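Accompanying notes for the structure given below.
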């Protein structure tokens, strides 16, 4: 990490970002290079490319420019990710310093995802875990789709957890595709925490959730899994419903939850190749998660054979 300023608050932000990456358990040699600079206000945005909006960020990527421009709240911070190199220059206003945790969890995550593409690691929005028998699973889907609660439930049954939702696909041994996890706490909504009878954990006040490490639930952490099962999850009612998906539907689902492939040509061919290979090596299912899982956590394994 380097800086164009010696301001104490900016140095603390750099330290917090480095600690965030260290806690993620990504290998330090794979970390992108982030250069921070403080500005009193962001310059007017000269970029005329279409804007893709995500919660709290606006993204401009693809032709005619190669670099990716990311703005946080359209005012407080801006990142320019290099077209080819895993590095970004990040301009922050002093307002960022009071919201560091939120900045890391929203703005810096998006910057990281684009920078890691330049390392040949491609994001999929999924929880990644490994069963006690060694089978790798991905639980993919939207926020609120039950990934974290199901992951916590399975961790309590002794499963190993790689990540809650920041997963990177990459080549693995014997022509398979592996998933490398970004280590974070499992963030449980109050309803999920109540069903799991969770009475402790870190209060994530800005999110209205409870954060727990897999070890606090009886599980453990694992850096990489090789998936053989993919589940596209949603929350249902009392009974869990599992439906087998065709290869084509599975591929569509993976592209939907690995959407950065749609934004820029950098790495797109390799990204699509890995998604296709991941589809070929797995059995895929659409799952409506029901309350019966809390009485029979083995139900999902039984349903997929």
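Taken together, the values in this text are just the output of simple stated rules run on the coordinates, not laboratory data. Keep in mind it's a predicted model, so treat the numbers as computed, not measured. Using ideal geometry, Cβ is built from the backbone for each residue, glycine included, and neighbour counts are taken over all protein chains shown.
Normalising the average separation of contacting C-alpha pairs (under 8 angstrom, six or more residues apart) by the number of residues puts the relative contact order of the stretch 2-117 at 26 percent.
Each DSSP beta bridge with both residues in the chain is either parallel or antiparallel, and the antiparallel ones are about 70%.
Modelled this way, with points 7 Å down the Cα-to-C-beta line, the labels at residue 221 and residue 75 are 3.6 nm from one another. The angle between the Cα long axis of helix 247-256 and the longest principal axis of the Cα atoms of the chain comes to about 40 degrees, rounded to the nearest 10. Taken over the stretch 70-161, the percentage of Cα pairs per 5 Å bin, counting from 0 up to the bin with the maximum distance, is 3, 12, 17, 15, 15, 15, 12, 8, 4, 1. Looking only at the stretch 122-304, where both bridge partners belong to it, what percent of the DSSP beta bridges are antiparallel (to the nearest 5)? Taking every DSSP beta bridge within the stretch 122-304, about 65 percent pair in antiparallel fashion. Taking every alpha-carbon pair in the stretch 168-305 and binning the separations at 10 Å intervals from zero gives 10, 30, 38, 20, 2 percent. With all pairs of separate Cα atoms included, the stretch 96-143 yields a Kirkwood hydrodynamic radius of 13.0 Å.
Taking Rh as the Kirkwood radius, which is the inverse of the mean 1/r over Cα pairs, what is the Rg/Rh value for the stretch 140-187?
Details: Rg = 12.0 Å, Rh = 11.8 Å.
Over the Cα atoms of the stretch 140-187, Rg/Rh equals 1.02.
Packing here is the average count of other Cβ atoms within 10 Å per residue, and on that basis the peptides 141-153, 76-88, 33-45, 51-63, highest first, run 141-153, 76-88, 51-63, 33-45.
Distance from the C-alpha centroid of the stretch 225-247 to that of the stretch 268-305: 5 Å, rounded to the whole angstrom.
Mean projected area of the convex hull spanned by the Cα atoms of the chain, taken over all viewing directions: 15.7 nm². Between residue 294 and residue 35, the FRET efficiency from the beta-carbon distance, with R0 = 35 Å, is close to 0.15. Computed from Cα positions, the angle between helix 8-24 and the longest principal axis of the chain comes to roughly 30 degrees.
For the stretch 2-117, rounded, prolate or oblate, judged on the Cα gyration tensor with a ≥ b ≥ c (square roots of eigenvalues), a/c < 1.5 rounded, else prolate if a/b > b/c? Can you show the working numbers first?
Working: a/c = 1.61, a/b = 1.18, b/c = 1.36.
Oblate, because a/c is 1.5 or more while a/b does not exceed b/c.
With the helix formula -39500 (n - 2.57) applied to DSSP H stretches of n ≥ 4, the chain reaches a computed 222 nm mean residue ellipticity of -7000 deg cm²/dmol. Normalised by the number of residues in the stretch 81-204, the average gap of Cα pairs under 8 Å and 6 or more apart makes the relative contact order 20 percent.
Enumerate the residues in the stretch 270-305 having an amide nitrogen under 14 Å from the point lying 7 Å beyond the Cα of residue 228 toward its Cβ. Inside the label zone: 281-284, 301-302, 304-305. One way to sum up the overall shape of the stretch 43-93 is the equivalent ellipsoid from its Cα gyration tensor, whose semi-axes run 16, 13, 10 Å, largest first. In degrees, nearest 10, range 0 to 90: what is the angle between the Cα axis of helix 268-281 and the longest Cα principal axis of the chain? Between the helix axis and the principal axis of the chain, the angle is about 10 degrees.
If you bin all the Cα-Cα distances of the stretch 237-305 at 10 Å, starting from zero, the percentages per bin are 19, 38, 27, 14, 2.
Legend: ranking of residues 259, 108, 231, 251 from fewest to most surrounding C-beta atoms inside 10 Å; resulting order 259, 251, 108, 231.
Mean separation of Cα pairs under 8 Å and 6 or more residues apart, divided by the residue count, gives the chain a relative contact order of 16 percent.
The fewest-to-most ranking of 165, 249 by surrounding Cβ atoms within 10 Å reads 249, 165.
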